[in-house]
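Quick note: the coordinates plus some simple rules give every number you see, no bench work behind them. Since the model is a prediction, treat every value here as computed from it, not as a measurement. Cβ placement follows ideal geometry from the backbone for every residue including glycine, while neighbour counts extend to all protein chains displayed.
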Amino acid sequence: MTIKAKEILKNKFWIVESGNDKIGTLSYDEDRYMLSTPSTNKFFKDKKTLKKELGNTIFYENVTEVQSDFEVHGYPTNVAPKNAVYNVKQKLPLFTKSKKSTSLYSAGYYIIRFDKGWVKSFCPKLITLERYNYQGPFLSELEMKHKLGLANKKAKK
């Protein structure tokens, strides 16, 4: 069985496949790798240990995602942004949808914790992020879904 990992986010996130079947995800966070499968999460201290267990040819080809036509400070948006600014304190790429609008939106993908639990969001209003706990911004939907899965697992404990 050949196990391979398609790089989604450079040196941070991969989709792990066996043949043509997706078997999990691999992420690198600060000082270790985490292999997440439907049944377990397994940690590796370095790339050498990971390759020893899963095989030397695990890493291959980069996958480029379809990029949005619009962005604010590198984060995708669903509309042509107006009045783009970067909130340094909150580390949020903000924009309005029209020149005269006062409603600020935050570019990128987020997960937001409402009363019912964590939900995914794309370009939410700033006021929503100020009222609820959130994680983000994320550059891709795939990265956001990975963090959503981790947040939901943590919430169940």
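Residues with beta-carbon under 14 Å from that of Lys147, excluding Lys147: net charge, scoring Lys, Arg +1 and Asp, Glu -1? Every neighbour counted, the sum reads +3. Each residue in Trp14, Trp118 was given a count of other beta-carbon atoms within 10 angstrom of its own, and listing them fewest first yields Trp118, Trp14. From the Kirkwood radius over Cα pairs of region 70-156, Stokes-Einstein at 4 °C and 1.567 mPa s returns a whole-number translational diffusion coefficient of 99 µm²/s. Each Lys or Arg adds one and each Asp or Glu takes one away; over the other residues whose Cβ falls under 9 Å from the Cβ of Ala80, this sums to +1.
Put a dot 7 Å past the Cα of Lys100, heading toward its Cβ, do the same for Asn41, and the two dots end up 4.9 nm apart. When the Kirkwood radius is taken over all Cα pairs of region 111-157, what Stokes-Einstein diffusion coefficient follows at 37 °C and 0.692 mPa s, in µm²/s? The estimated diffusion coefficient comes to 302 µm²/s.
Considering helices alone, the calculated mean residue ellipticity of the chain at 222 nm is -5500 deg cm²/dmol, with DSSP H runs of length four and up weighted by -39500 (n - 2.57) and normalised per residue.
Computing mean projected area of the Cα convex hull in nm² for the structure here picks out one of (i) 10.9; (ii) 12.0; (iii) 9.1, namely (i). Net charge of the neighbourhood of Arg32, taken over other residues with C-beta under 10 Å away and scored Lys/Arg +1, Asp/Glu -1, is -3.
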